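Before any comments, here is the structure.
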Amino acid sequence: MTSVTDPPNALTPFPFPDHTQLPESDGTFVFAERAGGKNWQEHPQSILLTDSITPILKQLNPEGEYCIGQDLGIYWRLTDPLEKGAEAPDWFYVPNVPFLLNGQTRRSYVLWREFIAPLIVLEFVSGDGSEERDQTPLKGKFWIYEQVIRPPFYGIYEASKANLEVYHLIEGRYQILSANERGHYPIVALGVELGLWLGVYQNVELPWLRWWDLQGNLLLNGDERAEQESQRAEQERERADRLAAQLRSLGIEPET
């Protein structure tokens with residue numbers, strides 16, 4: 001039988017385990033697998049989200065005080081076995097927390113040690129979506145996010161259906177958001193929009209989950225930024241060559 005111990009409040013002494021004492025494996029939360037399993041696309045999708053938003057997060061957190069979790073367990077209660085008291089979102093972001101804890105990489109995110117909820121949690125559907133929408137008290141993923149972990153934004157992404165739902169926590173309940181005129185969902189606290197982008201990433205064409213700024217400009221990943229810089233440099237070389245040709249037509253050597 002599962003036993004549950006309520007997390008302490010901020011004034012309670014801590015007999016409760018920290019991230020070094022709770023189950024994990026090689027930085028990957030090993031108890032996230034449920035009915036429906038995972039799929040190959042989830043890892044590159046997480047990398048794409050993190051890579052493209054990192055410059056924004058560094059601006060918002062100049063001291064580097066933030067955490068991104070990718071299949072990292074969020075512990076919200078004590079149970080037996082321990083892993084039953086955690087959810088492992090496919091991607092989440094927490095502001096105002098140190099990246100390292102006592103010099104160690106986080107093995108999990110422990111609410112009764114941190115007290116700061118993620119700002120946004122994203123789930124990538126690999127089954128029929130029922131798990132991500134389950135509102136069963138104390139068990140359903142939707143219920144746990146809404147009633148316990150309480151990130152202000154919760155996104156459910158279904159690549160196979162080219163579908164994205166984004167919920168906003170309003171007065172303690174999730175309200176589904178309507179997309180803006182670009183088909184995106186503004187996350188104003190981050191200064192970004194979230195939406196679907198049909199394109200090729202890692203040699204696969206999919207409706208990938210991506211970020212835009214609030215003006216509708218796509219946030220580029222590292223490869224795209226490098227390609228953009230290469231194109232800019234090539235354009236500068238072409239402009240210089242044209243200018244040199246014009247000078248020579250006037251009998252002026254550009255070198256002099």
Handout entry: Flag for residue 192 being touching a residue at least 60 places away in the same chain (Cβ under 8 Å), in contact with a strand residue (DSSP E or B) (Cβ under 6 Å, 6 or more places away or on another chain) and surrounded by 11 or more Cβ atoms within 10 Å (Cβ to Cβ)
Key = yes
Problem - Filter pass, residue 148 being over 26 Å from residue 83 (Cα atoms) and β-branched (Val, Ile, Thr) - result: no
Practice task
Kindly check whether there is at least one residue in the range 138-157 that is of a type in the set (Asp, Glu), more than 16 Å from residue 111 (Cα to Cα) and assigned by TED's automatic domain parsing to the domain that holds residue 73.
Solution key: no
Fill in the blank from the handout: Only one of 165, 146, 132, 123 is under 18 Å from the mean Cα position of the chain (by Cα), assigned to a loop (DSSP other than H, G, I, E, B) and closer than 19 Å to residue 176 by Cβ, namely 132
Problem - Criterion violated by residue 193 - all others in (1) modelled with pLDDT under 90; (2) among the acidic types (Asp, Glu); (3) in contact with a Lys or Arg (Cβ under 8 Å, 6 or more places away or on another chain) satisfied - result: (1)
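So is residue 71 on the phi > 0 side of the Ramachandran plot, assigned to a loop (DSSP other than H, G, I, E, B), touching a strand residue (DSSP E or B) at 6+ places or on another chain (Cβ under 8 Å) and modelled with pLDDT under 95 or not? Step through it out loud before you land on a result.
Values: on the phi > 0 side of the Ramachandran plot: yes; assigned to a loop (DSSP other than H, G, I, E, B): yes; touching a strand residue (DSSP E or B) at 6+ places or on another chain (Cβ under 8 Å): yes; modelled with pLDDT under 95: yes.
Criteria met by residue 71.
Specify the residue that is farthest from residue 158 (Cα to Cα); the eligible residues are those in the range 195-240 that are acidic (Asp, Glu) and in contact with a strand residue (DSSP E or B) (Cβ under 7 Å, 6 or more places away or on another chain).
We begin by selecting, within the range 195-240, every residue acidic (Asp, Glu); these are 205, 213, 223-224, 227, 229, 234, 236, 238.
Narrowing further to those that are in contact with a strand residue (DSSP E or B) (Cβ under 7 Å, 6 or more places away or on another chain): 205, 213.
Values: 205: 15, 213: 22 Å.
Residue satisfying both the conditions and the ranking: 213.
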Practice task
Return a yes/no flag: does the range 104-115 have any residue that is free of Cβ contacts under 8 Å to residues at least 60 places away in the same chain and either assigned to a loop (DSSP other than H, G, I, E, B) or under 18 Å from the mean Cα position of the chain (by Cα) (or both).
Solution key: no
Practice task
Determine the pairs where a residue that is free of Cβ contacts under 8 Å to residues at least 40 places away in the same chain and surrounded by fewer than 10 Cβ atoms within 10 Å (Cβ to Cβ), located within the range 222-246, has a partner that is assigned to a helix (DSSP H, G or I) and polar (S, T, N, Q) with Cβ atoms under 8 Å apart, the partner being 6 or more residues away or on another chain.
Solution key: none
Practice task
Being in contact (Cβ under 8 Å) with a residue 40 or more places away in the chain and aliphatic (A, V, I, L, M) is the filter; apply it to the range 145-186 and report the residue that is nearest to residue 69 (Cα to Cα).
Solution key: 149
Fill in the blank from the handout: Within the range 63-91, residues being over 12 Å from the mean Cα position of the chain (by Cα) and over 18 Å from residue 113 (Cα atoms) number 4
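I'd like the residue in the range 195-221 that is surrounded by 11 or more Cβ atoms within 10 Å (Cβ to Cβ) and among the charged types (D, E, K, R) and, out of all such residues, is farthest from residue 163 (Cα to Cα). Give the derivation first.
First, pick out the residues of the range 195-221 that are surrounded by 11 or more Cβ atoms within 10 Å (Cβ to Cβ): 195-197, 199, 201-202, 204, 206-214, 216, 218-221.
Next cut, among the charged types (D, E, K, R) only: 210, 213.
Numbers: 210: 13, 213: 20 Å.
Once the filter is applied, the top-ranked residue is 213.
The values are calculated or read from the model by the stated rules, or taken from the named source; none is laboratory data. Bear in mind that the values here come from a model prediction, so they are computed numbers and not experimental data. Cβ sites come from the backbone with ideal geometry, for glycine too, and all protein chains shown count toward neighbours.
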